[in-house]
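Notes follow once the structure below has been shown.
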Amino acid sequence: MKINKLWNDYGLLGSLKLLYQFITSKFIFWNSRLIRRPIYIRGKHFIRISKGFTTGVGLRLEAYPKKNNSAIIEIGENCQLNDYVHIGAIEKIIIGNNVLIASKVFITDHNHGYYGNKDFNSPPYISPNNRTLYSEKVTIGDNVWLGEFVSILPGVEIGAGSIIGAMSVVTHNIPPNSIAVGIPAEVIKKYNSKTERWEKV
Ligand SMILES: CC(C)(COP(=O)(O)OP(=O)(O)OC[C@H]1O[C@@H](n2cnc3c(N)ncnc32)[C@H](O)[C@@H]1OP(=O)(O)O)[C@@H](O)C(=O)NCCC(=O)NCCS
């Protein structure tokens with residue numbers, strides 16, 4: 001049954017390629033489900049993935065801790081990251097279980113320099129590459145779905161069960177079981193478990 005479906009979905013060459021990618025996935029992350037290459041990984045030692053990890057092509061994972069030596073990108077069970085997802089961490093990015101990340105999504109926990117309201121602002125005459133990196137932890141809860149082209153910026157927490165609409169830029173926390181869209185992303189709907197509907201807020 002499953003072989004039939006594979007054949008129907010991908011044809012002979014596609015199925016063989018998938019089988020090859022399935023086998024080579026285990027050499028990249030032994031507990032992954034399917035990693036479609038090419039994949040770009042920096043700091044593999046600092047990345048922890050869990051079973052069921054599935055990716056599209058062109059995934060870019062970069063982990064270069066500024067302080068300790070423990071994992072700084074942690075990805076829960078049964079997560080699917082589609083084509084050209086880019087995740088860059090120097091402090092901590094935690095992704096929960098069963099998270100679906102559409103293509104071309106960007107998640108970062110750091111900026112080149114600091115531009116907020118504390119007194120160590122980075123001056124413009126230092127080249128961006130030489131500014132001290134500033135970071136804040138990012139957390140993405142279980143069962144979250146990030147739409148195509150979403151960007152998640154440093155310090156953001158997205159509550160479990162939430163959805164971020166395509167093309168949104170998330171600059172502040174999103175509560176659980178919410179739908180948020182736009183730049184900056186704002187909550188437009190929340191799930192009401194009594195009526196079992198997503199209701200406009
Ligand atoms: C977020 C999303 C799930 C919302 O679906 P929905 O609740 O059925 O949306 P609605 O059509 O009811 O839209 C509600 C409002 O939000 C707006 N809206 C919806 N998605 C938006 C988005 N991505 N960006 C900006 N505004 C958006 C709608 O225009 C509408 O505004 P209005 O009330 O002023 O008319 C959907 O719009 C979306 O972005 N899906 C992502 C698709 C994707 O990336 N697929 C990849 C597959 S892995």
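The table that follows gives values for the structure above.
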{"quantity": "Checklist (1) within 16 Å of the ligand (Cβ to nearest atom); (2) crowded, with 17+ Cβ neighbours inside 10 Å; (3) hydrophobic (A, V, I, L, M, F, W, C) applied to residue 149, failing item", "calculated": "(2)"}
{"quantity": "Scope region 102-122; condition of a type in the set (A, V, I, L, M, F, W, C) and within 16 Å of the ligand (Cβ to nearest atom); matching residues", "calculated": "102, 105, 106, 107"}
{"quantity": "Meets criteria (over 20 Å from the mean Cα position of the chain (by Cα) and either under 26 Å from residue 76 (Cβ atoms) or open to solvent by less than 30 Å² (accessible area, probe 1.4 Å) (or both)) for residue 125", "calculated": "no"}
{"quantity": "Selected residue (criterion: nearest to the ligand (Cβ to nearest atom)) from residues of region 74-101 that are assigned to a loop (DSSP other than H, G, I, E, B) and out of contact with any Gly (no Cβ under 9 Å at 6 or more places or on another chain)", "calculated": "92"}
{"quantity": "Test: residue 60 is more than 13 Å from the chain's Cα centre (by Cα) and in the same structural domain as residue 149 (by TED's automatic domain parsing)", "calculated": "no"}
{"quantity": "Filter pass, residue 114 being at pLDDT 95 or above, open to solvent by less than 50 Å² (accessible area, probe 1.4 Å) and in a loop (DSSP other than H, G, I, E, B)", "calculated": "yes"}
{"quantity": "Residue, nearest to the ligand (Cβ to nearest atom), within region 158-195, restricted to residues that are hydroxyl-bearing (Ser, Thr, Tyr) and exposed (fewer than 14 other Cβ atoms within 10 Å of the Cβ)", "calculated": "195"}
{"quantity": "Test: residue in region 130-142 that is within 30 Å of residue 197 (Cα to Cα) and outside any strand (DSSP E or B)", "calculated": "yes"}
{"quantity": "Unmet criterion (only one of (1) surrounded by 15 or more Cβ atoms within 10 Å (Cβ to Cβ); (2) in contact with a helix residue (DSSP H, G or I) (Cβ under 9 Å, 6 or more places away or on another chain)) for residue 69", "calculated": "(1)"}
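The values are calculated or read from the model by the stated rules, or taken from the named source; none is laboratory data. Here the structure is a predicted model, which means the values were calculated and not measured. Cβ sites come from the backbone with ideal geometry, for glycine too, and all protein chains shown count toward neighbours. Side chains are part of the model used for accessible areas, which takes the heavy atoms of the whole protein and leaves out ligands, DNA and RNA. Shrake-Rupley method; radii C 1.70, N 1.55, O 1.52, S 1.80 Å.
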